[in-house]
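Every read-out reported here was derived from the displayed coordinates using simple, explicitly stated rules and does not represent laboratory data. Quantities reported herein were computed from a predicted structural model and do not represent experimental measurements. No Cβ is skipped: glycine too gets one built from the backbone with ideal geometry, and neighbour counts run over all protein chains shown.
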Amino acid sequence: MNGKQAGLVVGAAGVLAGVVGLGVLALPAGAGPAPVLPQVSAEQLVQSVLTTKTVPALAGTVSATNNLGLPAVPALGGQASKFLTDGTTKAQVWTDGKGKGRVSLPGATSEETMVFDGTTLWDWTSQNNTVHKSTDTPEQKAHPDKPGSGEMATDPAAAAKQIIALIDKDSTVKVDGTATVAGRPAYELVLAPKPTEKTLLREVRIAIDSETKIPLQLSVLANGNAQPVAQIGFSTLQIAPQDPALFTFTPPAGANVVTGEDKKVADKAPDQLKNAAKPQIVGSGWDTVLVEKLPAGTLGGDRSATTKGGENFDPSKLLGQLGKRVSGPWGSGYEISTAVGTALVLDDGRIAVGAVPEQALITALASVK
Amino acid sequence: MTAAVLDRPALDRPLRAPLSRLLASELRWTLRRPRTVIAIVLLSLVPILIGIGVTIAGRRGGGGGLFATLVGNGFVLPILSLTLLLTMLLPLLGAMSAADALAGEASHGTLRGLLMAPVGRGRLLAVKAFGVATTVFIAVLGIAVVGVITGVVLVGTDGMITLSGNTLSFGDALGRIGLAVLWVTFQVWAVAAIALAVSAFTEHPLVVMAATLAGALVFGVITLIPQLDWMQPYLLTSSWTSVTDVLRDPMPWDGLVNSTLKAACYLAIGLGVAYAKVSSKDG
Amino acid sequence: MTSTSLVEPGVGAAVAAPALAARTRGLRKTYGSTVAVDQVDLDVPDGAVLGMLGPNGSGKTTTIRMLLGLVQPTAGEVELLGHPMPSGAQITLPHVGALVEGPGFHPFLSGRENLRRVAAAEPLMATPAIASSVTEALERVGLADAADRRYRGYSLGMKQRLGLAAVLLLPRRLVVLDEPTNGLDPAGTREIRRVIAELHAAGTTVLVSSHLLAEIEATCTHVAVLHKGSVVAQGELDELLEAGAPALLVSTPDVELSLDALRDKRIAARSSEDGLFVELIGTTAPQVVKALVEAGASVHEVRRRRTGLEDLFAQLTEGEPR
């Protein structure tokens, strides 16, 4: 009996260890207890962020989680569109703290790597063995680690006051405790709409690294949902000098190298739309609604807006995939609703977008002729 | 057998055959089984087939994914082969080996012989697990070696072009392939451990194969159902894409480490169940 | 394995002088609601050749499997070579050779390779001796010529011989043979008998199970009869043979005279082919002879009637379809 029972006990212990291990592995990285940090006011925090002009040398993984509730749009292929669909997307980022940087977007069996070596931006796509080489200053795309330096007051203290005052009109700003993000202690700066606001959003949380004052994570929370509807931030972060070899790129043998400003067609489309008309702003603060009128026909048969690959596509078809058909005394069109906002695209070319419920959009539309 | 009564060895303490002798005997047995040999040889031919296919298809690319990367990049061939084989055939090899190890022995009545020798039950499982593990390792290594040779001969190579676009030296490339071999081996071990647990419960090797196949299908189906997304982190198969991480530079370790830990959990579960059953089962 | 010189070394430590090579008390095994073996108290004397007799399904194999520690008894205790089983398996089983439920070998290996594999697992086998022990065992069972053929191609008899060869790889204290003559032709059966006799001569205790009576009668010194999972009789073969219904067979031409004389003495008797059949109930053989001689009957021969194991077996398992 002994051997048998001992066998069962040892066996059960093994199974238990395995099951517990799986559970631990599947668990999201534990938040752990909130770190204890010196008290700081919202104003001081914003000020210290603004004072920090440089991003230190770092390597990290940026995760973007999206629960917007947008349906997957196969028409918008490519790596970048992954950020739009629900789920988590990861990117590896490196920077030497002196302007050079590297971003890689891994696919299951492929990778897109962008390297800025100080003068040249290399954009390598493994799937088609192609390198895009451009020598203009890179846009700050996919660099969430670079805080937008405002063109406001040059004195950070004054600027901080200015910003807080601006925000304070219709929001409450406070430092809501601390958190550990990517293993680093951080302050949680919270912007929440005043109760009078009609917005769908509950609050926006920004985790700011207590040491380097760089933003580590941005979370958007909507009403009626405990989980962030959108979140972007570091899931791992190492602040340390990086291997300079990371910031150089030599096109591999046999790769197609495309030089010059060969911007992707997909990037052009929004530019065209942007130039089409000047949007009007209705309301303020959280309830701001953008209303614009596109020339009639833009959403109909115009073939200028094409996806990459050169296939023709019909915007109204895309709208049908994304939203539902609505109509009312104000007209008819498509309503695209997500957890954080609503968009109305009417057949007559009018568009209204805001982080508000549908009714607020209709009111805004009515105020514009 | 002229040994007389007076010549008997003492009967006062537990006696065990040397472990090394048992392991050697197990290997000899495993590697003489025609089925095992044929399976290993067939699997090793896969890189050659892929290499020929890519050479014939030429520079037109096509296939996408790793196939696109393979053109002019021979060191990718072993990794690509392992990635493809890991989805089904390597787990089946592990299952087959595990099926023969316990269920097969039981069906031939040889398991009883080992228990009567006696080989202690814990040792028996250890010896069996060793045999299965070695078979899997030899198969994976064979695929990789044939892959490297085929890659160099057929596709040609000046080092390994990573998915990240840079080129690794010959030595680094071999290091990456070695890492892939170890990682893939460990993943298949996890499958084989579960199969070994099933194998301990039955006398029919085919039941083990069927159960493993069914498990693979169930995992595949779960992966396809969005409502069951929450199960993904628990599925062994869901992290099998991370082997391509060895083709990135700098290499991200988290996927490889996480999947290895996950495999270790499956290994613990499989061997735990197998141990409980083997130590209590009737001979 | 260093010491081979001492006489029965170390045995006394556990159990004083094990006169029994194997012993069970109150042994019971149930599978679900089926009782396979119940209340088996079996004694296998050291040095004996014990035949375990019983129809198929009487619990012989289950008892043997419990003796060898392959199966955990539901209740009761098992002692093998003085050590409790199955906890003492690692101590005792190296000294035990067994052929249980037919030979088990791998079809794709040759007979020799199969034996090498078995030999590798034997704790008492010295590694350098494996090759020679295998060859020797193969020769002993007459498989030397077929040694390098695949087991797959062996006949039933050859398979059984190979199983026997595995048992003979090493000198043993106890050899257990479960239905060893299954599938063997008469020549094979004779060879099994020869091997059992050799083992017995070498001092090895042998436990043979069989459902064939002639087999047991021909080879055994002791016998245990199992029926429906219980031991219904056991002891020395000679004793058991007499245990049935003691009787005398008397050869005499004076049948009537003798019958009358015995009737006077109230001894039950009846006439038979060549004389008298006298039941020894309430009397003894000398008394019977005395009565006959006093009556003046001429007695040619008086002998005890042996029941024959067949009769005993038939009595014990009466009405049992075999």
Residue (of A:L216, A:P252, A:L237) at the positive-pole extreme of segment A:172-261, dipole from beta-carbon charges = A:L216
request  = Report, in deg cm²/dmol and to the nearest 500, the calculated mean residue ellipticity at 222 nm for the protein assembly as shown, where each DSSP H run with n ≥ 4 adds -39500 (n - 2.57) and the sum is divided by the residue count.
outcome  = -12000 deg cm²/dmol
task = Lys and Arg at +1, Asp and Glu at -1: add these up for the other residues within a Cβ distance under 10 Å of B:W29 and post the number.
result = +1
note = Shielding of A:92-102 by other chains, given as the mean Cβ count within 10 Å, works out to 1
query = Roughly how compact is segment B:138-283, stated as its Cα Rg over 2.2 N^0.38 Å to two decimals?
reply = 1.25
task = Order the peptides B:256-263, A:347-354, A:128-135 from the highest to the lowest mean number of other Cβ atoms within 10 Å of their residues.
result = A:347-354, B:256-263, A:128-135
request  = Based on other C-beta atoms within 10 Å, arrange C:E101, C:E179, C:E273, C:E77 from fewest to most.
outcome  = C:E273, C:E77, C:E101, C:E179
query = For the protein assembly as shown, with only Lys/Arg (+1) and Asp/Glu (-1) charged at the beta-carbon, what is the dipole magnitude about the Cα centre, in debye rounded to 20?
reply = 1420 debye
Ratio of Rg to Rh over segment C:11-241 (Cα coordinates, Kirkwood Rh, two decimals) = 0.96
inquiry  = How high is the relative contact order of segment B:124-216? Use alpha-carbon pairs under 8 Å, at least six apart in sequence, and give a whole percent.
reply    = 26 percent
request  = Report, in degrees rounded to the nearest 10, the 0 to 90 angle that the Cα long axis of helix C:186-201 makes with the longest principal axis of chain C.
outcome  = 90 degrees
note = Within 10 Å of the Cβ of an average residue in A:243-252, the count of other chain Cβ atoms is 3
Net charge of neighbours whose Cβ lies under 15 Å from the Cβ of C:R193, counting Lys and Arg as +1 and Asp and Glu as -1 = -2
key: Nearest 10 degrees, 0 to 90: helix C:111-121 Cα axis against chain C principal axis   = 80 degrees
inquiry  = If you fit an axis through the alpha-carbon atoms of helix C:156-167 and take the longest principal axis of the Cα set of chain C, what angle between them do you get, 0 to 90°, nearest 10?
reply    = 80 degrees
remark   = Largest fluctuation, C:L280, C:L143, C:L241 only, Gaussian network model of chain C with Cα springs under 10 angstrom, belongs to C:L280
key: Charge dipole of the protein assembly as shown about the Cα centre (unit charges at C-beta), most positive-ward option of B:V188, C:P128, C:L257   = B:V188
ask   = Stokes-Einstein D for segment B:20-280 at 20 °C, 1.002 mPa s, Kirkwood Rh over Cα pairs, in µm²/s?
value = 112 µm²/s
Nearest-20 debye value, chain C charge dipole, Cβ charges on Lys, Arg, Asp, Glu = 1080 debye
ask   = For the pair C:R149 and B:R13, how long in nm is the line joining their label points, each one 7 Å along Cα→Cβ?
value = 4.5 nm
note = quick note, the protein assembly as shown, DSSP beta bridge pairs, % antiparallel (nearest 5) is 85 percent
Mean separation of Cα contacts under 8 Å, 6 or more apart, over the residue count of segment C:11-241: relative contact order % = 28 percent
key: chain B: DSSP helices with Cα axial extent of at least 27 Å and average Kyte-Doolittle hydropathy no lower than 1.6   = B:34-57, B:121-150, B:170-201, B:205-224
query = What's the average, rounded to a whole number, of partner chain beta-carbon atoms within 10 Å of each residue's beta-carbon in A:112-125?
reply = 2
key: Bins of 20 Å from zero: percent of alpha-carbon pairs in the protein assembly as shown   = 11, 29, 24, 17, 12, 5, 2, 0
remark   = Contact order relative to length for segment B:143-279, counting C-alpha pairs under 8 Å separated by 6 or more residues, stands in percent at 34 percent
